[in-house]
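The structure appears below as structure tokens.
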Amino acid sequence: MDFRLTEEQLAVQEAARDFAQTELLPGVIERDEEQKFPAEQIKKMGELGFLGMMVDPKYSGGGMDTVSYVLAMEEISKVDASASVVMSVNNSLVCWGLEKYGTEEQKQKYLHKLATGEIIGAFCLSEPEAGSDATMQRTTAVDYGDYYLLNGTKNWITNGSTATVYLVIAQTYPEKRHKGINAFIVERDTPGFVVGKKENKLGIRGSDTHSLMFTDVKVPKENHIGEDGFGFKFAMSVLNGGRIGIAAQALGIASGAYELSVKYAKERKAFGVEIAKHQAIQFKLADMATNIEAARLLCLQAASDKDAGRDYAKSGAMAKLFSSKVAMDTTVEAVQVHGGYGFVKEYHVERLMRDAKITQIYEGTSEIQKIVISRELLK
Ligand code: CAA
Ligand code: FAD
């Protein structure tokens, strides 16, 4: 196995690092505090090609591989995980789902604009009573011939009020259970579609999370994705790749906290020496670095499985399970390395600690990743 990155991959990594440091770092604390969506920054990310990285250039995308996407996600997430979740949903759920399973007409109509960030997408699977248990969809999509009528509620939708295009999963034939589920493209201004309240969150507070209500929302047949009854498989397939993005987000949160800890440990003095000279601090840094390296290798393994056309459900779930734990453990220790300064906002690590937690919950909780991994192991 060759772990060396290509010139192109290194260039993407550097571009993402520069963008994060120059455009995302200023104001990140205020955006977190005020729950402010990074609208200007997301617009620039679109212009720089970070919102449709893996999309074929014929649909205005970057035509890059998943390894490059992981590298960019890590760099952006080191600084601002609220911006990187927008990037993750748009790239690996919405753009990838449409490119892989959409019709040519759907791609022409939506993918160009999504890939350039002219518009943003959202992915709507979760419901008040269908989170981990995602087959229990209560949102219905009744087939009326040339259109479907959608009714129901979606919960926790990232980009809920900022998106223009929503990929919505709904049940058409309840008796068929998950095989009766369909996936649709719903445009923001469709009558009967209402964006509910914004969630006041522990972390990724700059991201825009809402419930969505659908009352007799008429969706034209041409906005149906894939074969009849393919909706649940569509969601699972899309999430297999999405989990690589969230794993990379967790990796970035961990490596951001680690880098801040190394810097701080070399500056802060206690008992007459820099705290980095105390072995207790050195060991914390050693554990952080080792875990982060292992998480990075799992992320790159999953990405290269996807790029090589190998199955990546298991490696993606492993990367997410492990990286999200590393994000949690590393950020808690980063606060400890910073002492009291770690507990206040200016030093960033308390925010990284709050942001880390979501990576163990969304796109399948850690318990769900273990279900996915063990089913793959035992099948
Ligand atoms: N890849 C491909 N197919 C899969 C799959 C996977 N990872 N997991 C399940 N499937 C398929 C199964 O093969 C099965 O198909 P067949 O009937 O044709 O064999 C079908 O889906 C149903 O699977 P199960 O019988 O295993 O269903 P289950 O109810 O026992 O378990 C589950 C399914 C894996 C737990 C699934 O419900 C799940 O992944 N839940 C978590 C949901 C989730 O991740 N939500 C994330 C929402 S998006 C989000 O969170 C975005 C964000 O924050 C930014
Ligand atoms: P539950 O499913 O009720 O789980 C509660 C607990 O029980 C968890 O610890 C879980 O692991 C455990 N549990 C459940 N079933 C089992 C089992 N079989 N075995 C062992 N343990 C189990 N969803 C979208 O569709 N689109 C989005 O854009 C999106 N963005 C999100 C953004 C944020 C900030 C948040 C908080 C959530 C978002 N989600 C989104 C929803 C997210 O995917 C769900 O919250 C997640 O899948 C868990 O579902 P739940 O909250 O209903 O928890």
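The values are calculated or read from the model by the stated rules, or taken from the named source; none is laboratory data. Please read all numbers here as calculations on a predicted model, not as lab measurements. Here the Cβ is made from the backbone with ideal geometry for all residues, glycine too, and neighbour counts use every protein chain on show.
If you go through the range 349-367 one residue at a time, do you hit one that is more than 16 Å from ligand 2 (Cβ to nearest atom), crowded, with 20+ Cβ neighbours inside 10 Å, of a type outside the set (D, E, K, R) and part of a helix (DSSP H, G or I)? Yes: the range 349-367 contains one or more residues that are more than 16 Å from ligand 2 (Cβ to nearest atom), crowded, with 20+ Cβ neighbours inside 10 Å, of a type outside the set (D, E, K, R) and part of a helix (DSSP H, G or I). Here Thr116 meets the list (1) more than 15 Å from Asn182 (Cα to Cα); (2) touching a Phe, Trp or Tyr at 6+ places or on another chain (Cβ under 9 Å); (3) surrounded by fewer than 22 Cβ atoms within 10 Å (Cβ to Cβ) almost entirely, failing just condition (2). Among the candidates Ala15, Ala20, the residue that is within 13 Å of Ser84 (Cβ to Cβ) and either assigned to a helix (DSSP H, G or I) or not basic (Lys, Arg) (or both) is uniquely Ala20. If you check Tyr347 against the conditions, is it away from ligand 1 (no atom under 14 Å from the Cβ), aromatic (Phe, Trp, Tyr) and in contact with a His (Cβ under 7 Å, 6 or more places away or on another chain)? Judged against the criteria, Tyr347 is a match.
The single condition from (1) without any contact (Cβ under 8 Å) to a residue 24 or more places away in the chain; (2) buried (at least 23 other Cβ atoms within 10 Å of the Cβ) that Glu293 fails is (2).
Candidates are the residues of the range 262-284 that are touching a Gly at 6+ places or on another chain (Cβ under 9 Å) and part of a helix (DSSP H, G or I); the one that is farthest from Gly203 (Cα to Cα) is Ile275. Each residue in the range 214-250 was checked for being part of a helix (DSSP H, G or I) and within 16 Å of ligand 2 (Cβ to nearest atom), and 19 pass. Residue count for the range 165-182 satisfying the condition of being within 15 Å of ligand 2 (Cβ to nearest atom) and either in a loop (DSSP other than H, G, I, E, B) or within 25 Å of Lys197 (Cβ to Cβ) (or both): 7.
What are the residue pairs meeting all of these: first residue in the range 70-92, first residue at pLDDT 95 or above and within 10 Å of ligand 2 (Cβ to nearest atom), second residue of a type in the set (Phe, Trp, Tyr) and not in a helix (DSSP H, G or I), Cβ atoms under 6 Å, and 6 or more apart or on different chains? Hits for this filter: Val89/Phe123. Remark: Pro191 matches the filter, which requires a residue to be surrounded by fewer than 16 Cβ atoms within 10 Å (Cβ to Cβ) and touching a Lys or Arg at 6+ places or on another chain (Cβ under 9 Å). Is the range 83-106 home to any residue that is assigned to a loop (DSSP other than H, G, I, E, B), of a type outside the set (Phe, Trp, Tyr) and surrounded by 18 or more Cβ atoms within 10 Å (Cβ to Cβ)? Within the range 83-106, one or more residues are assigned to a loop (DSSP other than H, G, I, E, B), of a type outside the set (Phe, Trp, Tyr) and surrounded by 18 or more Cβ atoms within 10 Å (Cβ to Cβ). Looking at the structure I just gave you, is Lys107 away from ligand 1 (no atom under 14 Å from the Cβ) and among the charged types (D, E, K, R)? When the stated conditions are applied, Lys107 passes them.
Can you spot a residue in the range 326-348 that is within 16 Å of ligand 2 (Cβ to nearest atom), outside the structural domain of Ile157 (by the TED database) and within 26 Å of Asp65 (Cβ to Cβ)? Yes: the range 326-348 contains one or more residues that are within 16 Å of ligand 2 (Cβ to nearest atom), outside the structural domain of Ile157 (by the TED database) and within 26 Å of Asp65 (Cβ to Cβ). If the condition is being acidic (Asp, Glu) and either within 14 Å of ligand 1 (Cβ to nearest atom) or in the same structural domain as Asp32 (by the TED database) (or both), then the range 159-207 contributes only Glu199. The strands (runs of 3 or more DSSP E) located wholly in the range 113-158 that include 1 or more residues which are away from ligand 1 (no atom under 16 Å from the Cβ) occupy 140-143, 147-158.
Among the conditions (1) within 29 Å of Ser82 (Cβ to Cβ); (2) more than 12 Å from ligand 2 (Cβ to nearest atom), Phe123 misses just one, which is (2).
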